[in-house]
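Single-structure report; data block below.
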Amino acid sequence: MRYFIELAYNGANYFGWQRQPRQVSVQSTLEDAFSTILATTTGITGCGRTDTGVHAKQYFAHFDFVGELPESFERRLNKFLPQDIVIYRIFEVSPEAHARFDAYHRAYEYHLDFHKNPFGLQTSYYFPFAKQPNIDLMQEAASCLLQYDEFFPFCKSNTDVKTMNCTLKRAEWVKEEGGQKLIFHIAANRFLRGMVRLIVGMCLNVGLEKLSLEEVKAAMDHQTRLQPSLSVPPQGLYLKDIRYP
């Protein structure tokens, strides 16, 4: 039978989601826990990859298992797993259900602090520079992306994807804590490798007037690289709100 797992994790201590040689990843940590408790080698397929240091407020994965799951399986897994990974629920799905390919909606948040927060070292990006970005310009830069469906300027090089098409449903900056904190919200059917961190970097560059809105639109119109291009640090990024039919 096939089962879906709903979970969340703080990615600060992991080399991303995907299993890597000689590195600790979220996937390898989960597979080791499941394999130990189920007493059989258990592969887990995730709904997508997250980079080193990126977090997930909501994440889905699937695995196959023959027979009945052990009693108190979720509780035993949470006891076995490290504190920075939590299993919310495990439920049976159809044998054809796929955690990655069946998801039609994904969202991310990016947390940007303008005041130093010693409790947010691994979960937010502290912007330490004296010159503050123009938030209205950042909002305009984000909003203009909703007019496009190809995003080559916001894809890391050496990617193996076959299409740059994404259907954006939201791209918006929200002020919190009197403007001392910004959260970028973005949602789409799919995302390219490194896309969100490059978009946040573009918004910052526009807000700092290192890039103009006209340059952003020209890069999108012609699907060319932005200069300068900035990928913000990973610790402020959270995957969330994955939806299935």
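Using the beta-carbon distance between Glu6 and Lys131 and R0 = 35 Å, what value does 1/(1 + (r/R0)^6) give for FRET efficiency, to the nearest 0.05? FRET efficiency, Glu6 to Lys131: 0.25.
Can you check what the net charge comes to around Ala103, using other residues whose Cβ is under 9 Å from the Cβ of Ala103 (Lys, Arg +1; Asp, Glu -1)?
Values: positive: Arg100, Arg106, Arg190, Arg243; negative: Asp102.
Taking every other residue near Ala103 into account, the sum is +3.
Could you work out how far the C-alpha centroid of the range 181-232 sits from that of the range 59-107, in angstrom? Cα centres, the range 181-232 to the range 59-107: 34 Å. Electrostatic tally near Ile90: other residues with Cβ closer than 15 Å to its Cβ, Lys and Arg +1, Asp and Glu -1, net -2.
For the range 1-79, which GluC sites (Glu not before Pro) are in a loop by DSSP, counting at most 16 other Cβ atoms within 10 Å? Working shown, then result.
Details: sites: Glu6, Glu31, Glu68, Glu71, Glu74; in loops: Glu68, Glu71.
Those satisfying the criteria are Glu68, Glu71.
Could you tell me whether the range 171-245 comes out rounded, prolate or oblate from its Cα gyration tensor? Rule is a ≥ b ≥ c as square roots of the eigenvalues, rounded for a/c under 1.5, then prolate if a/b exceeds b/c, otherwise oblate. List each step's numbers first, then the result.
Values: a/c = 1.94, a/b = 1.19, b/c = 1.63.
Oblate, since a/c reaches 1.5 and b/c is not below a/b.
What does the C-alpha gyration tensor say about the overall shape of the range 2-93? Classify as rounded when a/c is under 1.5, otherwise prolate if a/b is larger than b/c, or oblate. Note, shape of the range 2-93 comes out prolate. With a cut-off of 8 Å between alpha carbons and a minimum separation of six or more residues, what is the relative contact order of the chain in percent? The normalised contact order for the chain reaches 25 percent.
Judged by the gyration tensor of its Cα atoms, with axes a ≥ b ≥ c, the chain is prolate; a/c meets the 1.5 cut and a/b is the larger of a/b and b/c. Among the chymotrypsin sites (Phe, Trp or Tyr not before Pro) in the range 80-137, those located in a DSSP loop and surrounded by at most 14 other Cβ atoms within 10 Å of their own Cβ are Phe101, Tyr104, Phe129. The stretch between Val86 and Asn13 holds 24.9 nm of extra length on full extension. This uses 0.36 nm per residue minus the Cα-Cα distance.
The 3J(HN,Hα) values that the Karplus relation (6.51, -1.76, 1.60; θ = phi - 60°) gives for the range 186-203 are, in residue order, 9, 9, 7, 6, 7, 9, 7, 5, x, 4, 5, 5, 6, 5, 4, x, 4, 4 Hz. Gly and Pro appear as x.
Which number gives the lysine pairs in the chain that have C-alpha atoms under 17 Å apart and are eight or more places apart or on different chains?
On the way: Lys57/Lys240; Lys116/Lys131; Lys116/Lys175; Lys116/Lys181; Lys131/Lys181; Lys131/Lys210; Lys169/Lys240.
Lysine pairs meeting the criterion: 7.
Applying a DSSP loop filter and a limit of 11 other Cβ atoms within 10 Å to the trypsin sites (Lys or Arg not before Pro) in the range 11-83 leaves Arg22.
Determine the sum of side-chain charges near Leu230: Lys and Arg each +1, Asp and Glu each -1, restricted to other residues whose C-beta is under 15 angstrom from that of Leu230. All intermediate terms of the calculation are to be shown ahead of the outcome.
Working: positive: Lys131, Lys156, Arg197, Lys210, Arg225; negative: Glu209, Glu215.
With Lys, Arg at +1 and Asp, Glu at -1, the net is +3.
Using 1/(1 + (r/R0)^6) with R0 = 45 angstrom and r between the beta carbons of Leu69 and Thr159, what's the FRET efficiency to the nearest 0.05? Computed FRET efficiency for Leu69 and Thr159: 0.75.
Computed from the coordinates by the stated procedures, all read-outs in this text should not be read as laboratory data. Bear in mind that the values here come from a model prediction, so they are computed numbers and not experimental data. Here the Cβ is made from the backbone with ideal geometry for all residues, glycine too, and neighbour counts use every protein chain on show.
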